[in-house]
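The values are calculated or read from the model by the stated rules, or taken from the named source; none is laboratory data. For clarity, every value in this text was computed on a predicted model and none was experimentally measured. Note: ideal-geometry Cβ built from the backbone for every residue, glycine included; neighbour counts use all protein chains shown.
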Amino acid sequence: MLPALSSLTSDAPRPEARRWKAATGRRPVVLSGVPLLRSAFAPCEPAPATLERLAGAMRLHVLPKGAIAAMPDNHPPSWWLVAEGRIVVGRIGADGGLVENRVLGPGQWLDLASAWLESDWIESAVCPARVTLAALPLEHLLEAARQDPALQRAVGLVMAERIRQLTDGRHELATKDVLGRLAAWLLREPFEPAGKDRSVRLPVQKRSIARQLVMAQATLSRCFRRLVELGCIEMHGYVVLIRDVPALQALAGEAPAR
């Protein structure tokens with residue numbers, strides 16, 4: 001089981017430290033770390049003993065609604081994982097607001113780079129509601145990876161996937177029209193099999209999706225309607241039934257899976 005962290009702050013009176021302290025002063029949060037890590041490292045399968053060891057090294061941090069504060073003082077370099085809730089990640093725009101590029105849920109990595117760079121967050125993020133983050137110290141991760149080849153591969157794949165996401169995002173904005181960007185986004189979303197189709201539950205409101213895809217909400221609505229007209233999807237509230245994956249892949253400019 002994951003232990004809750006009782007104190008995250010130094011005596012420094014900066015606002016960020018007070019915020020972290022206030023966030024963790026509530027009742028302890030206890031989660032099962034092994035299933036969380038198994039999801040985060042999928043499709044690789046580190047040994048059960050490795051996952052138990054890593055789960056024991058993780059510490060939980062509960063954050064309130066609002067912008068994420070700076071990391072706690074003297075916190076060891078860590079990989080940060082969403083344990084509960086959802087968090088919106090992006091960059092600060094010219095107007096000082098957050099320009100969204102993705103929404104993360106449980107089992108998804110929030111930050112990998114700061115541990116290697118020994119820096120603060122390299123992206124900005126906002127918690128729409130209370131969020132629990134799990135910090136996995138890099139030192140423990142590397143020590144466990146030296147003893148488990150499956151974890152070594154998992155670490156490499158996690159970092160490679162993040163690089164692919166960054167590359168795809170830049171490529172889509174430069175080369176794809178609005179319909180293609182929505183098609184690619186739908187294909188990346190987690191889904192439940194529904195016979196021969198895919199059932200995708202939209203994780204956030206459509207205005208948030210529009211901001212991630214850099215388009216107006218009205219444009220997003222037109223794109224959804226166009227995909228319905230083309231027979232690619234059906235809309236049932238916040239559930240999207242993907243009826244024609246190859247057609248959606250063609251619109252997204254992606255090669256069909258073999």
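Which of (1) within 24 Å of the chain's Cα centre (by Cα); (2) loosely packed, with under 15 Cβ neighbours inside 10 Å; (3) modelled with pLDDT of 90 or more does Glu229 not meet, given it meets every other one?
The single condition Glu229 does not satisfy is (1).
What residue, among those in region 91-117 that are of a type outside the set (A, V, I, L, M) and touching a residue at least 60 places away in the same chain (Cβ under 8 Å), is surrounded by the fewest Cβ atoms within 10 Å (Cβ to Cβ)?
Residue satisfying both the conditions and the ranking: Gly105.
Under 6 Å by Cβ, and 6 or more places apart or on different chains, what pairs join a residue from region 122-133 that is more than 10 Å from Val88 (Cα to Cα) with one that is assigned to a strand (DSSP E or B) and of a type in the set (Val, Ile, Thr)?
Final answer for the pair search is Glu123/Val89; Val131/Ile87; Thr132/Val62.
Can you pull out every residue in region 76-91 that is closer than 21 Å to Ala129 by Cβ and not acidic (Asp, Glu)?
The answer is Trp80, Leu81, Val82, Ala83, Gly85, Arg86, Ile87, Val88, Val89, Gly90.
Write out, first by first residue and then by second, each pair whose Cβ atoms fall under 7 Å of each other, whose residues are 6+ apart or on separate chains, and whose first residue, in region 224-249, is within 20 Å of Ala210 (Cα to Cα) and basic (Lys, Arg) while the second is surrounded by 18 or more Cβ atoms within 10 Å (Cβ to Cβ) and at pLDDT below 95.
From region 224-249, the pairs are Arg226/Leu179.
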